[in-house]
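The values are calculated or read from the model by the stated rules, or taken from the named source; none is laboratory data. Fair warning: this is a prediction, and the values are worked out from it, not measured in the lab. With ideal geometry, Cβ positions are generated from the backbone for all residues, glycine too; neighbour counts draw on all protein chains shown.
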Amino acid sequence: MEANMYLCVGAGFSCAVIARKLAEAGKKVTVIDSRSHIAGNCFTERDAETDVMVHTYGPHIFHTDDKEVWDYVNSWASFKPYINRVKTTSQGKVFSLPINLHTINQYFDKTLSPSEAKEFINSIADKSIGEPVTFEEQAMKFVGKDLYEAFFKGYTQKQWGLNPSELPASILKRLPVRFNYDDNYFNHQYQGMPEDGYTKIVENILDHENIEVKLELPYEKEMLEAYEHVFYSGPLDSYFDFKHGHLSYRTLDFKQEIHDGDYQGTAVMNYGDVEVPYTRITEHKYFSPWESHDKTVIYREYSRLCEADDIPYYPIRIVGGKDMLDKYVAEAKLTKKVSFIGRLGTYRYLDMDVTIREALDAAEITLSKINNNEPVPALFVNP
């Protein structure tokens, strides 16, 4: 075994960041991925027919309050300003999300001021709910029955394949209600899009003489013997051969269409009515608004339960459904020479900035442990 050899399983942001930090510290790192490309689900590429930069596995908008992470990604790519403005079609009309003063006035056919809107929403909110436990309770307590059913209920049922009463309240806590006309979907200080796409960022991070990248190479347990330590960003349950069962994920199917001109006039259009089979339509040229294209690429996005050969996207953390995860976490903590990282390795929904922050922290902890001749933790964050 060559000294200081480390293996990173997965060529997305988690492993790329860790690999780079280790490589810069003089460690030899191999990065493998079962797919034919780097960058994981953040993979972007130019569409051959239209030249539009396409987010192959669905759109990713970079947003964060973490200045160190913002500076980090900007050191690898040129970012352009980008504000995510989401629209939704519900009950035959188009509204702005997140719910803001315009949404409230439009939906209820009113001309309320901010203070009047607060009072009005308070009057229709369900005050019988104490501390919300479920998604449905959270929405009902926030905005009441009408807005919940128009904007959250149907979309959520399609997205998660579950009744909102089965999902935790924490999912909805990410969605603000605003009593002004601000339709910026995110509240974060730093927001933008990489000018040349996300694949180029990961490519630049991995471009180091101490890093070797091998694609179309799945991880095999026998590989563990050849390395001092493995960083595993694949599915947690898969590593243990599903011995306690399959953790639940949603996967996404995309139906791509190419049209002349402009299709919907915005990057993201949600569809809140449960009768519409797709959750949203994304128009990808709008994710690069500084470019000009004669044709356009859209994705109709369908969500369903993840099966054996599907790409897992979102972990389904249902209320009271922790038992299986707890068993896998216990297994992980007993595992030697392996660290479980990232969205799949820790079975959590993670935005890109959090993924990068955790990878930076994991690399720092790893190098400290190596220098002190101490074991590297199996988990840097408790799932």
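I'd like the full set of residues that are in contact with a strand residue (DSSP E or B) (Cβ under 7 Å, 6 or more places away or on another chain), over 17 Å from LEU7 (Cα atoms) and surrounded by fewer than 16 Cβ atoms within 10 Å (Cβ to Cβ), limited to the stretch 319-347.
VAL319, LYS333
For the stretch 203-213, indicate whether the set of residues that are more than 30 Å from TYR82 (Cα to Cα) and surrounded by fewer than 13 Cβ atoms within 10 Å (Cβ to Cβ) is non-empty.
yes
Can you work out which of the residues in the stretch 101-138 that are at pLDDT 95 or above and in a loop (DSSP other than H, G, I, E, B) is surrounded by the fewest Cβ atoms within 10 Å (Cβ to Cβ)?
Residue satisfying both the conditions and the ranking: ASP109.
Filter the stretch 223-260 for residues that are of a type in the set (Val, Ile, Thr) and either under 25 Å from PRO277 (Cα atoms) or in a loop (DSSP other than H, G, I, E, B) (or both) and give the result. Before the answer, list the steps.
Filtering the stretch 223-260 for residues of a type in the set (Val, Ile, Thr) gives 230, 251, 258.
Once the filter is applied, which keeps residues that are of a type in the set (Val, Ile, Thr) and either under 25 Å from PRO277 (Cα atoms) or in a loop (DSSP other than H, G, I, E, B) (or both), the stretch 223-260 yields THR251, ILE258.
For GLU212, which of the numbered conditions (1) out of contact with any Gly (no Cβ under 8 Å at 6 or more places or on another chain); (2) acidic (Asp, Glu); (3) outside any strand (DSSP E or B); (4) touching a residue at least 40 places away in the same chain (Cβ under 8 Å) fails to hold?
The failed condition is (3).
I'm trying to understand the selection: among the residues of the stretch 1-20, which are buried (at least 20 other Cβ atoms within 10 Å of the Cβ) and not in a loop (DSSP other than H, G, I, E, B)?
TYR6, LEU7, CYS8, VAL9, PHE13, SER14, CYS15, ALA16, VAL17, ILE18, ALA19, ARG20, listed by residue number.
Sort out which residues of the stretch 356-369 are touching a residue at least 24 places away in the same chain (Cβ under 8 Å) and either in a loop (DSSP other than H, G, I, E, B) or not small (Gly, Ala, Ser) (or both), and write them in order of number.
Of everything in the stretch 356-369, those that are touching a residue at least 24 places away in the same chain (Cβ under 8 Å) and either in a loop (DSSP other than H, G, I, E, B) or not small (Gly, Ala, Ser) (or both) turn out to be ILE356, ARG357, GLU358, LEU360, GLU364, THR366, LEU367.
Go over the candidates THR251, THR266, THR279, THR296 one by one and state the one that is in contact with a Leu (Cβ under 8 Å, 6 or more places away or on another chain) and either touching a residue at least 60 places away in the same chain (Cβ under 8 Å) or farther than 26 Å from ILE83 by Cβ (or both).
On the way: THR266 fails: in contact with a Leu (Cβ under 8 Å, 6 or more places away or on another chain); THR279 fails: in contact with a Leu (Cβ under 8 Å, 6 or more places away or on another chain); THR296 fails: in contact with a Leu (Cβ under 8 Å, 6 or more places away or on another chain).
Going through THR251, THR266, THR279, THR296 in turn, the sole match is THR251.
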